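Report on one structure; see the data block that follows.
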Amino acid sequence: MRGPRVLYVSGSIGLGHVSKDLAIARELRRARPDIEIVWLAGHPASQVLHDAGERVAPECVRWVGASAIAERCTRGGQLNLVRYVYRSLPSWARNTCLFRAALHAYDIDIAVGNEAWEVDIPLVLGVLRLTVPFVMIFDFVGCDAMAPNLLDSIGAYALNALWALDGRVYRDRVGNGRWHSALFIGEPDDIPDRALGWALPNRREHARFHYQFVGHAISFRPEDFADRAAWRHALGYGEEPLIVCAAGGTSIGRDLLELCGAAWLPLRESLPGVRMVLVCGPRLPVESVRAPEGVEVRGYVPRLYEHFACSDVTVVQCGASSTTELAALRRPFVYFPIDGHFEQEIVAARLARYGVGRRMAPARTTPEELAAAVRGEYAHAVTSRPPPSPSLPTDGARNAAKHILRVLEDRRIGASRPRH
């Protein structure tokens, strides 16, 4: 007799979400070794899942990933997420059809989606009917127009008005006759305490009422990296000052990497022997990044958090996953929110709340200014004790897995039934 089978949609831009999804999958298997997981994802997440030995559905060949669309919506280092949504609508419709077909093809017992808008939006609109429970995973609530024009403002309001209706789908936790549910990766304070829009509910209160907060999710135990010298040796690093710069899972970070490379020249004058490693990720060709001789440029690096743990200072975009990993590792870092990316502004507010990282703006930062910031973070790291570990709850993967398994148990005993 086979175990329960999960159809897991790993969505959104870059690689941050798939790292959380793999952490949740590991917790699911730890609790239920007989569980089977079939994955739907676009590139580069599908490649990461394949490399991890996961069962990636053949439908992924036709699945339209979010990263490629986001890259087409980026101009001059700025990403407008409202316009990204406009351009994503046709691909979401196609992905919805693939999702529905996969449910039947693989005899699925439960579906899970991390920012799976191709499932969430049709469910809210009532045009998608599911015969299995669906668990939606969020890490932000509500959209904001970042450009001062009417089209973006109307688009953001329309999306938020739709968001306010998802209580019709995610009405409760598990049980009580409910069918679908939603999780929030993070804490209530990670959601702005303001309305979704005129005559719309408060974002934080909406999430409190309809979603379950599970805490932040990381795929490692920070205590495993207590011996930094041993990890440095294992990864081929010496005792030299080590600066790791990562572009994330899209090609949007090319300008940031090139800024880091330019900062190496003034940085080496004050930090003799400094070593800088630029990590391009899976969608940015190594040869496309201009870097001075002496700076290492690498492609996709699995388990990048291991290199974060070895670093003296790290430079990253303001992705939720990478900055959470660095905070959990208690490593100093400089972060650059992408212009126009309202979700990264929310992440930046969280980092400020915990007092970790140094924020800078890529369009207004010179190589000399970045070198000075890195030098300052390095000096602070080597002349003082590591900062106290922030009270950042990082058991989100385990809590999410517990919720998914409770939904499965409710379905098994017949406590939950479709309401349509």
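Any read-out appearing in this document is the output of simple, stated calculations on the displayed coordinates, not a laboratory observation. Here the structure is a predicted model, which means the values were calculated and not measured. Positions of Cβ are backbone-derived with ideal geometry, glycine not excepted, and every protein chain shown enters the neighbour counts.
Between the range 31-70 and the range 86-141, what is the C-alpha centre distance in whole Å?
14 Å
Grab every C-alpha pair in the chain, bin the distances at 20 angstrom width from 0 up to the longest one, and report whole percents.
Reading upward from the zero bin: 26, 57, 16, 0.
Ala230: net charge of surrounding residues, Cβ under 14 Å, Lys/Arg +1, Asp/Glu -1, itself excluded?
Its environment carries a net charge of -3.
Tell me which residues come under 5 Å, amide H to amide H, from Val334 once H is placed; ignore anything under 5 positions away on its chain.
Thr314, Val315, Val316, Arg358
5 Å is the cut-off here: which amide hydrogens, built 1.01 Å from N in the peptide plane, fall below it relative to Gly186, excluding neighbours closer than 5 in sequence?
Val214, Gly215, His216
Counting each DSSP H run of 4 or more residues in the chain as -39500 (n - 2.57), what helix-only mean residue ellipticity at 222 nm follows after dividing by all residues, to the nearest 500 deg cm²/dmol?
-13000 deg cm²/dmol
Taking only Cα atoms and a 10 Å spring cutoff, compute GNM fluctuations for the chain and point out the largest among Tyr335, Tyr157, Tyr354.
Maximum fluctuation in the GNM of the chain, among the listed residues, is at Tyr354.
Please list, in chain and number order, the residues 5+ apart from Ile110 or on another chain whose amide H is under 5 Å from its amide H, with Hs placed from the backbone.
Long-range HN contacts for Ile110: Arg5, Leu7.
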